[in-house]
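Quick notes on the structure that follows.
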Amino acid sequence: VGVMSGAVIFIKEDLKITEVQVEFLIGILSIVSLLGSLGGGRTSDIIGRKWTMALAAVIFQMGGITMTFAPSYRVLMIGRLLAGIGIGFGVMISPIYIAEISPNLTRGSLTAFPEIFINVGIMLGYVSNYAFSGLSVHISWRVMLAVGILPSVFIGFALFIIPESPRWLVMQNRIEEARSVLLKTNEDEKEVEERLAEIQQAASFANSDKYENKPVWRELLFPPPALRWMLITGLGIQCFQQISGIDATVYYSPEIFEAAGIEDKSKVLAATVAV
């Protein structure tokens with residue numbers, strides 16, 4: 001998101017694309033990442049949370065590499081579509097993984113980390129744009145997009161260290177592995193056993209004959225009273241965040257500054273970092 005906002009200035013000049021093509025290039029990410037997040041839930045139930053993150057990283061890297069070496073607008077769009085799917089998988093699975101692996105006392109603060117670091121990432125994307133704005137038009141946007149691949153490479157290395165989600169392990173009937181993972185993140189053995197019992201109880205309830213497996217749309221429209229206010233609050237926060245128009249500001253800050261009279265591209269991108 002951060003990288004594309006600045007890179008698109010150079011893409012327009014290099015590939016000679018129209019304003020409408022720019023709008024599709026920028027806007028398509030939100031639509032495709034929505035589809036990616038919808039597919040990510042079922043995927044994470046089948047292959048696990050950890051390997052869904054791996055899949056997200058690989059798909060995103062494929063998209064990033066495709067965009068970096070794109071000879072035309074069409075190929076650039078293909079790369080953008082792949083990147084969007086990878087992002088969709090990633091933003092869906094990361095909070096779930098953190099919530100499932102965190103101790104009770106730190107779960108709230110740790111699940112806020114993805115949202116915080118999305119904003120840190122956007123800012124680093126702006127900084128990257130400013131750093132490479134002095135290169136030639138043909139090279140600058142490619143280097144900017146290539147740098148965006150680096151975080152997903154770090155995720156790849158992290159996968160060698162992080163364990164699988166204990167909740168998913170219980171769902172697969174791998175109880176001892178789940179206990180081992182919980183002991184790594186929590187030194188209190190009593191709390192570990194309590195958490196493990198809770199997870200087992202929830203998993204057995206979901207798999208029991210008494211549990212009515214409703215379609216997602218029905219659960220959203222007719223949630224149980226205990227979940228209704230949580231659902232309204234969660235959806236409300238997300239809706240107002242988007243209705244505020246912040247995505248337009250994030251994506252179009254460089255163009256807004258250009259329209260305001262800043263002509264030098266490096267100065268435009270420097271001003272964008274401040275946003």
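The values are calculated or read from the model by the stated rules, or taken from the named source; none is laboratory data. Since the structure is predicted, the reported quantities are computational estimates derived from the model, not experimental observations. Glycine gets a Cβ as well: all are built from the backbone with ideal geometry, and neighbour counts include every protein chain shown. The area values use the complete protein model at the heavy-atom level, side chains included, leaving out ligands, DNA and RNA. Shrake-Rupley method; radii C 1.70, N 1.55, O 1.52, S 1.80 Å.
When PHE132 is tested against (1) over 20 Å from the mean Cα position of the chain (by Cα); (2) surrounded by fewer than 15 Cβ atoms within 10 Å (Cβ to Cβ); (3) of a type outside the set (Ser, Thr, Tyr); (4) within 22 Å of ARG80 (Cβ to Cβ), just one condition goes unmet, and that condition is (2). Where residues in segment 236-262 are closer than 16 Å to ASN119 by Cα and touching a residue at least 24 places away in the same chain (Cβ under 8 Å), which of them is surrounded by the fewest Cβ atoms within 10 Å (Cβ to Cβ)? For segment 236-262, the residue satisfying everything is THR249.
Being surrounded by fewer than 22 Cβ atoms within 10 Å (Cβ to Cβ) and closer than 26 Å to GLN238 by Cα: is that true of ILE47 here? No. Only one of the listed residues (GLY36, GLY6) is of a type in the set (Gly, Ala, Ser), farther than 20 Å from SER136 by Cβ and either open to solvent by 30 Å² or more (accessible area, probe 1.4 Å) or part of a helix (DSSP H, G or I) (or both). That residue is GLY36.
Any idea how many residues of segment 116-172 are within 20 Å of TYR251 (Cα to Cα) and assigned to a helix (DSSP H, G or I)? Even if it seems obvious, please write down each step before you answer.
Just the residues of segment 116-172 that are within 20 Å of TYR251 (Cα to Cα), to begin with: 116-133, 137, 140-149, 151.
From what is left, the residues that are assigned to a helix (DSSP H, G or I) are 116-132, 137, 140-147, 151.
Count: 27.
Pairing residues of segment 206-224 that are farther than 17 Å from ASP45 by Cβ with residues that are at pLDDT 65 or above, at Cβ distances under 8 Å and at least 6 apart in sequence or on separate chains, gives LEU220/LEU231; PRO223/LEU231. Restricting segment 35-53 to residues that are in contact with a helix residue (DSSP H, G or I) (Cβ under 7 Å, 6 or more places away or on another chain) and aliphatic (A, V, I, L, M), the residue that is nearest to LEU76 (Cα to Cα) is LEU35.
Going through segment 78-115 one residue at a time, which ones are over 24 Å from PRO166 (Cβ atoms) and modelled with pLDDT under 90? Let's see the steps before the verdict.
Of all residues in segment 78-115, those over 24 Å from PRO166 (Cβ atoms) come to 78-88.
The answer is none; no residue qualifies.
Residues are listed down the side, and each one gets a yes or a no for (1) among the aliphatic types (A, V, I, L, M); (2) surrounded by fewer than 21 Cβ atoms within 10 Å (Cβ to Cβ); (3) touching a Cys at 6+ places or on another chain (Cβ under 6 Å); (4) not in a helix (DSSP H, G or I):
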| position | (1), (2), (3), (4) |
| --- | --- |
| PHE10 | no, no, no, no |
| ASP14 | no, yes, no, no |
| ILE17 | yes, yes, no, yes |
| ILE31 | yes, yes, no, no |
| ARG42 | no, yes, no, no |
| VAL91 | yes, yes, no, no |
| PRO95 | no, yes, no, no |
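Determine whether segment 226-235 contains at least one residue that is at pLDDT below 85 and either more than 20 Å from GLY121 (Cα to Cα) or open to solvent by less than 90 Å² (accessible area, probe 1.4 Å) (or both). Yes, because at least one residue in segment 226-235 is at pLDDT below 85 and either more than 20 Å from GLY121 (Cα to Cα) or open to solvent by less than 90 Å² (accessible area, probe 1.4 Å) (or both). Within segment 41-58, does at least one residue satisfy the condition of being over 14 Å from the mean Cα position of the chain (by Cα), closer than 29 Å to PRO254 by Cα and in contact (Cβ under 8 Å) with a residue 40 or more places away in the chain? Looking through segment 41-58, none of the residues is over 14 Å from the mean Cα position of the chain (by Cα), closer than 29 Å to PRO254 by Cα and in contact (Cβ under 8 Å) with a residue 40 or more places away in the chain.
ARG80 meets the conditions (1) over 30 Å from LEU183 (Cβ atoms); (2) open to solvent by less than 40 Å² (accessible area, probe 1.4 Å); (3) in contact with a Phe, Trp or Tyr (Cβ under 8 Å, 6 or more places away or on another chain) in every case but one. The failed one is (3).
With respect to GLY64, is the statement that it is open to solvent by less than 30 Å² (accessible area, probe 1.4 Å), within 21 Å of GLY148 (Cα to Cα) and in a helix (DSSP H, G or I) true? For GLY64, the condition - open to solvent by less than 30 Å² (accessible area, probe 1.4 Å), within 21 Å of GLY148 (Cα to Cα) and in a helix (DSSP H, G or I) - is met.
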